[in-house]
1. Which residues, taken from the range 3-16, are open to solvent by less than 40 Å² (accessible area, probe 1.4 Å), more than 12 Å from the ligand (Cβ to nearest atom) and assigned to a helix (DSSP H, G or I)?
2. Please tell me if Asp52 is within 24 Å of the chain's Cα centre (by Cα) and within 12 Å of the ligand (Cβ to nearest atom).
3. Scan the range 20-40 for residues that are touching a strand residue (DSSP E or B) at 6+ places or on another chain (Cβ under 9 Å), open to solvent by 40 Å² or more (accessible area, probe 1.4 Å) and part of a helix (DSSP H, G or I) and report the count.
4. State yes or no: is Ile148 open to solvent by less than 70 Å² (accessible area, probe 1.4 Å) and over 30 Å from Arg14 (Cβ atoms)?
5. I'm trying to understand the selection: among the residues of the range 161-175, which are closer than 22 Å to Val136 by Cα and outside any loop (DSSP other than H, G, I, E, B)?
6. Pairs under 7 Å by beta carbon, first residue surrounded by 12 or more Cβ atoms within 10 Å (Cβ to Cβ) in the range 180-199, partner in a loop (DSSP other than H, G, I, E, B), six or more apart or different chains?
7. Within the bounds of the range 94-105, is there any residue that is more than 16 Å from the ligand (Cβ to nearest atom), open to solvent by 40 Å² or more (accessible area, probe 1.4 Å) and out of contact with any strand residue (DSSP E or B) (no Cβ under 7 Å at 6 or more places or on another chain)?
8. Please work out if Phe78 is within 12 Å of the ligand (Cβ to nearest atom) and either open to solvent by 10 Å² or more (accessible area, probe 1.4 Å) or not polar (S, T, N, Q) (or both).
Amino acid sequence: MNKILIVEDEMAIRDLIKIGLESHGYQCECASDGELAADFLEQKNYDLILLDIMLPKVDGYELLEYIKQTLEITPVIFITAKSQTKDKIKGLNLGADDYITKPFEMGELIARVEAVLRRFHKTSEKIEIGDITIHVVARTVKKREEKIDLTPKEFDLLLLLVQNKNMALYREVIFEKVWGEELEFETRTLDLHIQRLRKKLNWKDKIKTVYRIGYMLEV
Ligand code: CA
């Protein structure tokens, strides 16, 4: 599980980010100022730092300077209320990997977090759920030691459900993520793939139909 440090002095935003990330399976710790963040970073390793720029005691820029040597292994996305280009450039020049401007949507933040973690190869290549093991890069699935043959779309669908486990996903969203622009939204196509996935994995009770919404992997 990826561990993320959230450095943000505004409690409402900090809590929002924490809840959002935790619901996507990330483990989070929070620091309300730069000094506290520096203490945390001395004691622990994180997979990613979300860093606000305007902070009490030690601001985001100073903290970036301070943690320079850890930036090789720990990516930083800074959060800024400022939309001026020069602030973004300054942060990126100091070694941040990406930035997000307040106010932002949770979906955007999650996407940026995922992209940066991927770039740093922090995402797990192997996911285990019950007796199912998914090798993300090799795109293979095993039940205990037995290989399960999935079509590419079945695999994508499985990965989407697994990465969003215990969250109800809208049919339209699932369809768009798995089939993208290739096809017009087609309920039957999605339902058929879900049925086959349930059967192949013996996950009839795990992949739930969520009334009027779509599907959810419950684990
Ligand atoms: Ca702030």
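1. Hits for the range 3-16: nothing passes.
2. Yes, satisfied.
3. Looking only at that region, the number is 4.
4. Criteria met by Ile148.
5. Listed by number, the residues that qualify are Leu161, Val162, Gln163, Leu169, Val173, Ile174, Phe175.
6. Note: pairs meeting the criteria are Thr189/Leu183; Leu197/Trp203; Arg198/Lys204.
7. Taking every residue of the range 94-105 in turn, at least one turns out to be more than 16 Å from the ligand (Cβ to nearest atom), open to solvent by 40 Å² or more (accessible area, probe 1.4 Å) and out of contact with any strand residue (DSSP E or B) (no Cβ under 7 Å at 6 or more places or on another chain).
8. For Phe78, the condition - within 12 Å of the ligand (Cβ to nearest atom) and either open to solvent by 10 Å² or more (accessible area, probe 1.4 Å) or not polar (S, T, N, Q) (or both) - is met.
The values are calculated or read from the model by the stated rules, or taken from the named source; none is laboratory data. Quick caveat: nothing in here was measured; it's all calculated off a predicted structure. We place every Cβ from the backbone using ideal geometry, glycine too, and count neighbours over all the protein chains shown. Ligands, DNA and RNA are stripped out before the accessible areas are found, and what is left, the full protein with its side chains, is counted by its heavy atoms. Shrake-Rupley method; radii C 1.70, N 1.55, O 1.52, S 1.80 Å.
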